[in-house]
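Visitor: Have a look at this one before I ask anything.
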Amino acid sequence: MTTPNPITPPPELVRHWSRFQGDTDPEALWFRIATRAAQWGADQELEACCEWLPDVGEMRAMLRAARRSKPPSLKEQALDALTLLCKGPDTTAFVTCRDTIRRALEALPDDH
């Protein structure tokens, strides 16, 4: 038996990612699984690099910060979603974009 590649996600994790989360389009499901698998593999590689690197002067923390930028804000996500919606009708994109824009609007304070 061969040793599994350390950046290949374990089968139980892939099964977890594939559980129904509102995806009605198989393409959206595959995209979500592929995205999570790529991120998981990149995280494994980054951690392996950090373990190899001596922790002198917070070098590991600096490497992690440089290679894992913070996720886009809800405002940035909503603007990207709006741009995508304006490009044309796509039912898969519409559901995702609608939810993102709704969350961004709900996060705004109510001005009376």
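The values are calculated or read from the model by the stated rules, or taken from the named source; none is laboratory data. In this text the structure is predicted, and so the values were computed from the model without any measurement. Cβ placement follows ideal geometry from the backbone for every residue including glycine, while neighbour counts extend to all protein chains displayed.
Visitor: Quickly run through segment 1-25 and pick out the residues that are surrounded by fewer than 14 Cβ atoms within 10 Å (Cβ to Cβ), at pLDDT 85 or above and in a loop (DSSP other than H, G, I, E, B).
Guide: 10
Visitor: Please identify the pairs in which a residue from segment 38-54 that is without any contact (Cβ under 8 Å) to a residue 12 or more places away in the chain has its Cβ atom under 6 Å from the Cβ atom of a residue that is in a helix (DSSP H, G or I) and surrounded by 14 or more Cβ atoms within 10 Å (Cβ to Cβ), counting only partners at least 6 apart or on another chain.
Guide: Matching pairs, first to second residue: 53/60.
Visitor: Any idea which of 42, 28, 37 is modelled with pLDDT under 80, assigned to a helix (DSSP H, G or I) and surrounded by 13 or more Cβ atoms within 10 Å (Cβ to Cβ)?
Guide: 28
Visitor: Sticking with this structure for a sec: With the structure loaded, tell me whether residue 41 is under 15 Å from the mean Cα position of the chain (by Cα) and farther than 30 Å from residue 101 by Cβ or whether it fails that test.
Guide: Yes; evaluated as a whole, the condition is true for this residue.
Visitor: May I ask you to verify whether residue 54 is assigned to a loop (DSSP other than H, G, I, E, B), closer than 30 Å to residue 97 by Cα and modelled with pLDDT of 80 or more?
Guide: So residue 54 fails the test.
Visitor: Could you tell me which residue of segment 59-112 is modelled with the highest pLDDT, considering only residues that are assigned to a loop (DSSP other than H, G, I, E, B), of a type in the set (Gly, Ala, Ser) and within 29 Å of residue 44 (Cα to Cα)?
Guide: Among them, the one singled out is 73.
Visitor: Let me ask something additional. Do we have any residue at all in segment 64-71 that's in contact with a Leu (Cβ under 6 Å, 6 or more places away or on another chain) and surrounded by 13 or more Cβ atoms within 10 Å (Cβ to Cβ)?
Guide: Taking every residue of segment 64-71 in turn, at least one turns out to be in contact with a Leu (Cβ under 6 Å, 6 or more places away or on another chain) and surrounded by 13 or more Cβ atoms within 10 Å (Cβ to Cβ).
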